[in-house]
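Input: one structure, supplied below.
The values are calculated or read from the model by the stated rules, or taken from the named source; none is laboratory data. Keep in mind it's a predicted model, so treat the numbers as computed, not measured. Please note: Cβ atoms are built from the backbone with ideal geometry, for glycine as well, and neighbour counts cover all protein chains shown. Only protein heavy atoms, including side chains, enter the accessible area calculation; ligands, DNA and RNA are left aside. Shrake-Rupley method; radii C 1.70, N 1.55, O 1.52, S 1.80 Å.
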Amino acid sequence: MDSLVELVTDINDAYWYAVIAILVGLGLYFTVRSRFVQIRLLPDMLRSVTEPAETLPDGQKGISAFRAFSISAASRVGTGNIAGVAIAISVGGPGAVFWMWLMALIGASTAFVESTLAQVYKIRDKDGGFRGGPAYYMLYGLRRRWMGVIFAVVITVTYGFVFNAVQTNSIVDAVSTSVGEESRVLSVVVGLVVAGLTAAVIFGGVRRISAVSQVVVPVVAGAYLVLALVVVALNITEVPGMVRLIVENAFGIREVVSGGFAAAFMQGIRRGLFSNEAGMGSAPNAGATAAVSHPVKQGLVQSLGVYFDTLLVCSATAFIILLSNPDYGTKAGASLTQNALSAQLGGWTVHFLTFAIFFLAFTSVIGNYYYGESNIEFLTGNRRVLQGFRALVVVCVFAGAVGSLPLIWALADLVMGVMATVNLAALLPLSGVAFLLFAHYRRQRAEGKDSTFHRDEMPEITGIQVWDAAPEDGRISTHG
């Protein structure tokens, strides 16, 4: 087992240099070309996330921007924010936090582009709602179905199987710390509970997924942020020193782990991407489900999701750990965060964090599942295949509870890099479409109008499947 972990880790170390170069390069290009859309349009992001859903042809309300945000947040806000950040700090040192922050600021522009494209190239599904994502903009935007098929297979394996195993593995780690023991029986029991709950939700479809996510994620994440603020308040005099340590370690000025700058940089970028998913092509699958009046609105909402995930939730974990004088150099996951919070606020927080990790990881599981479902339906409309996929997801959720933590995280890194590479290869040639839509959005906003779009207004954009104008009253419709 150790040799397999070492092999996958060595592959990751070499491959990820190329992935990071592409991620950062494209992120900077999108940032400059949009003139810092992710910073300038922050008020529009906050406005867009609260807009009500458009009405569908059958008279039902579609999925709102906030519900779509909740699905993507369910996947983003999970063990990556608690266990992933802990691993980044324990292995890469405090400087990893700086590179997480920087990657979020750059990556928010990439998130804007990919989710705008997901909206414009979405399709109507058989249930009357919408479905889309990178596989769909590869098919309808680039006219390369083969590329969409590759992406659909990779994301289905990545999110449906590997990442879901990561989530349950971290739940077991947290529960073991809470009860004070590790055992095979405990792992099996936790695995069965999470697998059973997963089956109950995912066989109910996207509306049940979004209904669960929009309640659980804000409540649990909000409670976690409150505890982090209490920790910061109790240690307010230590905060300037903590920030200085983060910056000094990020640039190798002050080393606290072997590897110095390189360790901080690589861990910060990897764990940051695992958490906020900007550029990976995952969040656009959720963004495409929203019934909004303009594609750019959902692009802005998903940029906001990157900030919520990294600048708020990941930072909360980092501050809790760093203000507790942790040991560096030994890989530690959720237990490091639990022990740090316990040292600050008392033993009861170990159990609270177990509760938080359980629910955040569980909502990540069902959010991850939806990404796989959307792409299974891209590959085939066969309901038996979808049912089989659901069953395999439940099996992988259970398997993650009894698997090896180092191997599962190493595999997560590898498949995440492959998925990001395929998605980024499509974003560059299609980014012009996103910026045409952005210019259209900005013109309407400059005139004081609520931005709306239908495809007849921009015939130069081909391959659009929906976004017709409703003929009966002239209003803009997102349905085809």
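With the condition kept exactly as written, say whether any residue in the stretch 336-353 is of a type in the set (A, V, I, L, M, F, W, C), under 21 Å from the mean Cα position of the chain (by Cα) and within 23 Å of Ser176 (Cα to Cα).
Yes; the residues of the stretch 336-353 include at least one that is of a type in the set (A, V, I, L, M, F, W, C), under 21 Å from the mean Cα position of the chain (by Cα) and within 23 Å of Ser176 (Cα to Cα).
May I pose another question? Within the stretch 142-168, how many residues are open to solvent by less than 10 Å² (accessible area, probe 1.4 Å) and not in a helix (DSSP H, G or I)?
0
Could you list all residues from the stretch 377-422 that are open to solvent by less than 50 Å² (accessible area, probe 1.4 Å) and of a type in the set (Lys, Arg)?
Result: Arg390, single match.
Asp456 - would you say it is open to solvent by 10 Å² or more (accessible area, probe 1.4 Å), assigned to a helix (DSSP H, G or I) and among the charged types (D, E, K, R)?
So Asp456 passes the test.
Also, quick follow-up: Output the residues belonging to the stretch 101-140 that are more than 19 Å from the chain's Cα centre (by Cα) and open to solvent by 20 Å² or more (accessible area, probe 1.4 Å).
Ile123, Arg124, Asp125, Lys126, Asp127, Leu139, Tyr140
Whether any residue in the stretch 282-289 is out of contact with any Gly (no Cβ under 9 Å at 6 or more places or on another chain), open to solvent by less than 10 Å² (accessible area, probe 1.4 Å), at pLDDT 85 or above and of a type outside the set (Lys, Arg) is what I want to check.
No, there is no match, as no residue in the stretch 282-289 is out of contact with any Gly (no Cβ under 9 Å at 6 or more places or on another chain), open to solvent by less than 10 Å² (accessible area, probe 1.4 Å), at pLDDT 85 or above and of a type outside the set (Lys, Arg).
Out of the residues in the stretch 50-72 meeting the condition of being at pLDDT 70 or above and closer than 17 Å to Glu114 by Cβ, tell me which one is most open to solvent (accessible area, probe 1.4 Å).
Phe69
Any residue that is open to solvent by 30 Å² or more (accessible area, probe 1.4 Å), closer than 28 Å to Gly141 by Cβ and among the charged types (D, E, K, R) - is there at least one of those in the stretch 358-376?
no
Where the second residue is of a type outside the set (Ser, Thr, Tyr) and open to solvent by 10 Å² or more (accessible area, probe 1.4 Å) and the first is in contact (Cβ under 8 Å) with a residue 12 or more places away in the chain and closer than 20 Å to Thr156 by Cα and lies in the stretch 355-369, which pairs have Cβ atoms under 7 Å and are six or more apart or on separate chains?
Phe362/Leu197; Thr363/Val212; Thr363/Val216; Ile366/Val201; Ile366/Val212
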